[in-house]
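Encoded as structure tokens, the structure appears first; notes follow it.
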Amino acid sequence: MTEDPRAVGVGMTGFPTGELRSEGPSLEREELDELGGVIDLLRGRRLAVLTGAGLSTDSGIPDYRGPNSVPRSPMTFQEFSRDERQRQRYWARNHVGWHFLRQAEPNAGHYAVVALEEKRLLSGLITQNVDRLHETAGSVNVVDLHGRFDTVVCLSCGTRIPRAVLAGILEELNPGYAERVGSAGDVAPDADADVEDTLDFQVADCPVCGGLLKPDFVYFGESVPKDRVARAFRMVDDADALLVAGSSLSVMSGLRFVRRMAKREGPVVIINRGWTRGDDLATLKLEQGTSAALKYLAKALPAL
């Protein structure tokens with residue numbers, strides 16, 4: 001009988017699920033001193049973790065609002081659902097960007113969160129990212145707050161299909177398109193690639209009812225499903241502290257969890273380069289890269 005790789009701690013990528021790999025930037029002395037304060041604050045506490053796009057930058061995925069980020073104007077749900085031309089433009093760019101995003105691999109920060117979970121330090125993980133890299137790394141108790149890039153949903157009948165299946169359909173409708181337009185250029189965390197040649201792109205309809213297909217993640221102008229929010233709130237309520245990594249907290253969907261923990265007077269630690277909307281609620285705010293900081297915390301915090 002073939003041994004299940006997860007039984008020996010090996011993830012789907014072939015790397016040990018909880019192993020703290022040596023990749024990623026090293027820490028400066030000042031950063032280590034700051035992390036020492038985090039260790040003192042969080043030792044013996046159960047954590048809820050909230051992650052944002054900044055955690056995936058070390059996997060080659062640009063973030064939305066980091067200090068060096070390209071200005072973006074994400075498409076709204078209203079534009080996507082009502083404007084055929086905008087929908088065509090989005091799917092053309094997504095077709096190119098998806099091929100890029102699906103090749104991304106988890107970084108040291110993702111594996112560090114797995115290690116925290118394996119130490120039984122987490123009540124749960126809430127991620128604003130749609131890239132599924134936490135699950136690829138081996139995280140189990142995850143709320144994909146804004147959805148996931150690897151499935152597509154029909155707005156009429158609710159049918160969900162794998163994004164990989166749609167990729168094949170789009171390739172049949174637009175043979176060689178990705179190769180023809182060349183490099184994806186800048187790719188947003190939702191797989192929106194910087195592509196301008198979209199006028200002739202053929203959009204696919206739902207294979208079940210012929211309705212409009214949409215990536216299975218939350219657009220600007222949409223609300224996060226209530227049951228998903230409720231599950232995330234339970235993770236925060238079951239925790240003694242909240243650790244935020246790589247999120248500017250610019251949208252309420254993430255900020256509300258910081259407010260929830262602060263209202264309970266529980267510690268809030270934010271690790272993010274640049275200003276965040278939750279800075280005034282943080283017990284500690286660290287201007288550090290998330291991968292190296294999380295890796296250090298995962299090694300230093302004792303298991304519960």
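Please compute the net charge surrounding ARG85, taking Lys and Arg as +1 and Asp and Glu as -1 over other residues with Cβ under 15 Å from its Cβ. Neighbourhood net charge equals -2. Couplings 3J(HN,Hα) for segment 207-221, derived from phi with the Karplus relation 6.51 cos²θ - 1.76 cosθ + 1.60 (θ = phi - 60°), are x, 8, 10, x, x, 7, 9, 9, x, 7, 9, 7, 7, 4, x Hz, where x marks Gly and Pro.
A simple charge model with +1 on the Cβ of Lys and Arg, -1 on the Cβ of Asp and Glu and nothing else charged puts the dipole of the chain at about 1040 debye relative to its Cα centre. Of all lysines in the structure, those lying under 25 Å Cα to Cα from LYS119, and not within fewer than 8 positions of it along the same chain, are LYS285, LYS295, LYS299. Rounded if a/c is under 1.5, else prolate if a/b beats b/c, else oblate: with a ≥ b ≥ c from the C-alpha gyration tensor eigenvalues square-rooted, which is segment 214-291? Verdict is oblate for segment 214-291. Ranking TRP275, LEU297, LEU286 by how far each Cα lies toward the positive end of the dipole of segment 248-304 (charges on Cβ) leaves LEU297 at the top.
Remark: segment 53-166 carries a charge dipole of roughly 360 debye about the Cα centre, counting +1 on each Lys and Arg Cβ and -1 on each Asp and Glu Cβ.
Connecting C-alpha atoms closer than 10 Å in a GNM of the chain, tell me which of VAL258, VAL143, VAL181 has the biggest fluctuation. In this elastic network of the chain, the residue with the biggest mean-square fluctuation among VAL258, VAL143, VAL181 is VAL181. For segment 140-150, 3J(HN,Hα) computed residue by residue from phi via the Karplus equation (6.51, -1.76, 1.60; θ = phi - 60°) reads 10, 8, 10, 9, 7, 4, 9, x, 8, 7, 8 Hz, glycine and proline entered as x.
In this rough spin-label picture, where each label sits 7 Å from Cα along the Cβ direction, the GLU171-ARG29 distance is 5.4 nm. When the Cα positions of LEU50, VAL152, MET235 are compared along the charge dipole of the chain, MET235 comes out farthest toward the positive end, with charges on each C-beta of Lys, Arg, Asp and Glu.
Around ASP227, with a cut-off of 14 angstrom between Cβ atoms, what is the net charge of the other residues, counting Lys and Arg +1 and Asp and Glu -1? Net charge around ASP227: +3.
Once both labels are positioned 7 Å from their Cα atoms along Cα-to-Cβ, the gap between GLU84 and ARG259 label points is 4.1 nm. For the peptides 193-206, 106-119, 237-250, the ranking by mean Cβ contacts within 10 Å, running from highest to lowest, is 106-119, 237-250, 193-206. Of the residues GLN86, VAL96, ALA108, the one whose Cα sits farthest towards the positive end of the charge dipole of segment 83-123 is GLN86 (charges of +1 on Lys and Arg Cβ, -1 on Asp and Glu Cβ, taken about the Cα centre). Report the net charge of residues surrounding ALA293, where surrounding means a beta-carbon distance below 9 angstrom and charges are Lys +1, Arg +1, Asp -1, Glu -1. Surrounding charge for ALA293 is -1.
Here segment 260-304 is treated as a Stokes sphere of Kirkwood radius computed over C-alpha pairs; at 4 °C and 1.567 mPa s its diffusion coefficient rounds to 111 µm²/s. Note on the chain: GNM, Cα springs under 10 Å; of VAL38, VAL208, VAL218, the largest mean-square fluctuation is that of VAL208.
Stokes-Einstein, applied to the Kirkwood radius of segment 144-279 over Cα pairs at a viscosity of 0.890 mPa s and 25 °C, places its translational diffusion at 138 µm² s⁻¹.
The candidate values were [x] 26, 31, 16, 20, 7, 0; [y] 33, 55, 12; [z] 29, 38, 24, 9, 0; the one computed from these coordinates for P(r) over Cα pairs in 20 Å bins from 0, in percent carries the label [y].
No value in this document is a laboratory result; all are computed from the given coordinates. All values reported here derive from a predicted model rather than from experimental measurement. All Cβ positions, glycine included, derive from the backbone under ideal geometry; neighbour counts span all protein chains shown.
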